[in-house]
Amino acid sequence: MVNVPDSFRNKETLELYMFSLQFPVMLLFLDIVVESIRIAEGKQTELSNAVFFILALLFIVLGVGMVKAIQAGKKQKSDD
């Protein structure tokens, strides 16, 4: 089974983590929609590289969350 640390069972921590994941995803959708509209209007010829920076932000948030979960799991396991 998956060992979920107690800190991630905390509702406030879980909400903060979900909002921190939601922010880059919403930025990504906003960027794609705005750039698609600009391409359709002829003001832009191709998508910019901002998508890659937003994806990097998303992966950083996921990575930090995973590292914190692993550290909390090891701490909880050593306390038991």
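Protein heavy-atom surface of the stretch 22-80, 1.4 angstrom probe: 70% of the accessible area is carbon and sulfur, with nucleic acids and ligands not counted.
As a length-normalised measure over Cα pairs under 8 Å and 6 or more apart, the relative contact order of the chain settles at 41 percent.
Per residue, the chain exposes an accessible area of 81 Å² to a 1.4 Å probe, with every protein chain left in place. Secondary-structure-derived ellipticity at 222 nm for the chain, considering helices only, amounts to -28500 deg cm²/dmol, per-run term -39500 (n - 2.57) for DSSP H runs with n ≥ 4. Taken about its Cα centre, the chain carries a charge dipole of about 240 debye when Lys and Arg each add +1 at the Cβ and Asp and Glu each add -1 at the Cβ. Pairs of lysine residues in the chain that meet both criteria, 8 or more places apart or on different chains and Cα atoms under 23 Å apart, total 5. Axis of helix 50-79 versus longest Cα principal axis of the chain: the two differ by about 0°, to the nearest ten degrees. On a 0 to 90 degree scale, rounded to 10, what angle separates helix 11-41 from the longest Cα axis of the chain? Roughly 10 degrees between the two axes.
The values are calculated or read from the model by the stated rules, or taken from the named source; none is laboratory data. From a predicted model like this one, the values you see are computed outputs, not experimental measurements. Cβ coordinates were reconstructed from backbone atoms using ideal geometry, including for glycine residues, and neighbour counts include every protein chain displayed. These area figures cover heavy atoms from the full protein model, side chains too; ligands, DNA and RNA do not enter into them. Shrake-Rupley method; radii C 1.70, N 1.55, O 1.52, S 1.80 Å.
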